[in-house]
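Okay, so here's the structure we're looking at.
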Amino acid sequence: MEKDMEREDITQENEATTENAMDESQPAAETEASDTTEESIDETQKLQIEVAEAKDKFLRLYSEFENFRRRTAKERIELIGTASRDVIEALIPVLDDFERAIKAEAERPEGAEPTGIDLIYNKFKNVLLGKGLKKMETSAGDEFDDEFHEAITQIPAPDPSLAGKIVDVIEPGYFLSEKVIRFAKVVTAAKS
């Protein structure tokens, strides 16, 4: 009987130890599970942050590319519009010479056939007009505008109503694709 009691005591002690071990192992298992859950949440948050940063980076890069594309397209259009600017600027004095030659030939009889100079001048003028050249409409009595006119001299106003206005046009100005490529050279009347 003593042996049976000793066995029961040992069995009870073993059971108590096992229960204690189970009680201690349950919080450890719960702690491990919560650690795993926290790690997965941390990893999920990290991945979400990385995705958000990648999206932001992509949107910024896409936006920069679109701005670059628009800017280069605009520059290309402007370049095409003014590609022949140097050539046309060099030809404008030739156009002026033609106009002077025609004025000098004004003594020809009324109704006479146009001369070769007239024909060449008209063809030359039409080619330049076709390339986008446009003559500035400036005449005596117009207001002086420094964005379109270049005053080469100033004289006293012959009439008070002409003060600060254009008195004479020496050379006409020209536009190429709506941009001034040569200012009109004018004489202005001084303000009193």
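The values are calculated or read from the model by the stated rules, or taken from the named source; none is laboratory data. Keep in mind that this is a model prediction, so the values were computed, not measured. Positions of Cβ are backbone-derived with ideal geometry, glycine not excepted, and every protein chain shown enters the neighbour counts.
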(request) Find all pairs meeting these conditions: Cβ atoms under 7 angstrom apart; at least six residues apart or on different chains; first residue within region 177-192 and in contact (Cβ under 8 Å) with a residue 60 or more places away in the chain and part of a strand (DSSP E or B); second residue among the aromatic types (F, W, Y) and surrounded by 14 or more Cβ atoms within 10 Å (Cβ to Cβ). (result) I181/Y174; I181/F175; R182/Y174
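Say we look at region 124-156 and pick out the residues that are assigned to a loop (DSSP other than H, G, I, E, B) and farther than 11 Å from F183 by Cα; which of these is modelled with the highest pLDDT? Talk me through it step by step, then tell me what you get.
Taking region 124-156 first, the residues assigned to a loop (DSSP other than H, G, I, E, B) are 131-132, 136-142, 144-148.
From what is left, the residues that are farther than 11 Å from F183 by Cα are 131-132, 137, 139-142, 144.
Values: K131: 80, G132: 83, E137: 90, S139: 85, A140: 85, G141: 82, D142: 86, F144: 86.
For region 124-156, the residue satisfying everything is E137.
For (1) more than 30 Å from K179 (Cα to Cα); (2) within 19 Å of the chain's Cα centre (by Cα); (3) of a type in the set (F, W, Y), each residue gets a yes or a no:
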position: E43; (1), (2), (3): yes, no, no
position: V51; (1), (2), (3): yes, no, no
position: A54; (1), (2), (3): yes, no, no
position: S63; (1), (2), (3): yes, yes, no
position: N67; (1), (2), (3): no, yes, no
position: I88; (1), (2), (3): no, no, no
position: L95; (1), (2), (3): no, no, no
(request) State which residue pairs qualify: first residue within 18 Å of P93 (Cβ to Cβ) and free of Cβ contacts under 8 Å to residues at least 60 places away in the same chain and inside region 116-128, second residue assigned to a helix (DSSP H, G or I) and aromatic (F, W, Y) in any location, beta carbons under 8 Å apart, and separation of 6 or more residues or different chains. (result) I117/F98; I120/F98; Y121/F98; F124/F98; K125/F98
(request) State all residues of region 155-182 that are among the hydrophobic types (A, V, I, L, M, F, W, C), more than 27 Å from the chain's Cα centre (by Cα) and within 29 Å of S84 (Cβ to Cβ); if no residue qualifies, say none. (result) V169, I170
(message) Take the conditions surrounded by 10 or more Cβ atoms within 10 Å (Cβ to Cβ) and modelled with pLDDT under 80 and apply them to G111. Does it pass?
(response) no
